[in-house]
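Here the structure is laid out as structure tokens; the discussion comes afterwards.
Any read-out appearing in this document is the output of simple, stated calculations on the displayed coordinates, not a laboratory observation. These numbers come from a predicted model, not from an experiment. Note that each Cβ is placed from the backbone with ideal geometry, even for glycine, and that neighbours are counted across all protein chains shown.
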Amino acid sequence: MSLATIDAAGRPDVRTVLIRFLDPTAPGFVSNLVSAKGVQIARSPAVAAALVWPAMCRAIRFRGVAHELGRNEVERYFGERPWGSRISAWASRQSQVIQGRSGLEEAYQRYAAEWPDLSGPTDVPVPDFEGGFRITCDEVEFWAGRTNRLHDRLVFVRVGDGGFDHASAWRVERRQP
């Protein structure tokens, strides 16, 4: 999904992240907490995200506040990731400048040698800087495009407490394209 945060100058900053959670609680993703997005969310947790299916003329948009995942959820998820992805979490200093790909490859090889693949969820320790976020949504928009540009926009607006599975937490609005 595309995720927008706010940088130190107050400007929007958007990038692609893998949506790792989409359940009645909230959409969520994992990240290096000292990456640009992690630092920006720590400074200002207001975020927006979008999933887009251009061929189907469909999109879902989320607006809300990012909340850091608890350590137990991070550790559980990290153990479910493929071994190579866990090694990559250590090798990549997300958002930092690097002179060339060879430095990244060397770091990967160094960590791979330190923590070989033994086919277990704890083969690779969870880095302290590994974390993630769930977006507590204030709005969720479902967009369906039409060839005549009279697109359908159904927006769920938060009016109370509860997750996606609590109908009383949401008011549905139809908005004009």
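A cut-off of 5 Å between modelled amide H atoms, ignoring neighbours fewer than 5 places along the same chain, links Leu69 with Gly132, Phe133, Arg134. Using only alpha carbons, region 53-150 has a radius of gyration to Kirkwood radius ratio (Rg to Rh) of 1.14. Ignoring solvent entirely, what values of log10 I(q)/I(0) come out of the Debye formula for the chain at 0.18 Å⁻¹ when each Cα is a single scatterer? Each listed q maps to, in turn, -1.19. Using only Cα atoms, tell me the angle between helix 71-80 and the longest principal axis of the chain; keep it within 0 to 90° and round to the nearest 10. Taking the Cα atoms of the chain, the angle to 71-80 is about 70 degrees. Shape of region 15-74 from the C-alpha gyration tensor: prolate (a/c of 1.5 or more and a/b above b/c, with a ≥ b ≥ c the square roots of its eigenvalues). Based on the alpha-carbon gyration tensor of region 83-126 and its eigenvalue square roots a ≥ b ≥ c, which shape applies: rounded if a/c is under 1.5, prolate if not and a/b is larger than b/c, or oblate? Prolate. Each of Leu22 and His67 was given a label point 7 Å from its Cα along the Cα-to-Cβ line. The distance between the two points is 2.1 nm.
Considering only Pro121, Pro54, Pro24, the mean-square fluctuation computed in a Gaussian network model of the chain, springs between alpha carbons under 10 angstrom, is largest for Pro54. Taking K and R as +1 and D and E as -1, what net charge do the other residues with C-beta under 14 Å from the C-beta of Ser2 add up to? Net charge around Ser2: +2.
The phi torsions of region 147-162, fed into the Karplus equation with coefficients 6.51, -1.76 and 1.60 and a -60° offset, translate into couplings of 4, 8, 6, 8, 4, 8, 10, 10, 10, 8, 10, 5, 10, x, 7, x Hz, rounded to whole numbers, with Gly and Pro shown as x. Backbone phi angles across region 39-56, fed through the Karplus curve with coefficients 6.51, -1.76 and 1.60 (θ = phi - 60°), yield HN-Hα couplings of 5, 5, 5, 4, 7, 8, x, 5, 9, 9, 9, 8, 10, 10, 10, x, 4, 9 Hz in residue order; Gly and Pro are listed as x.
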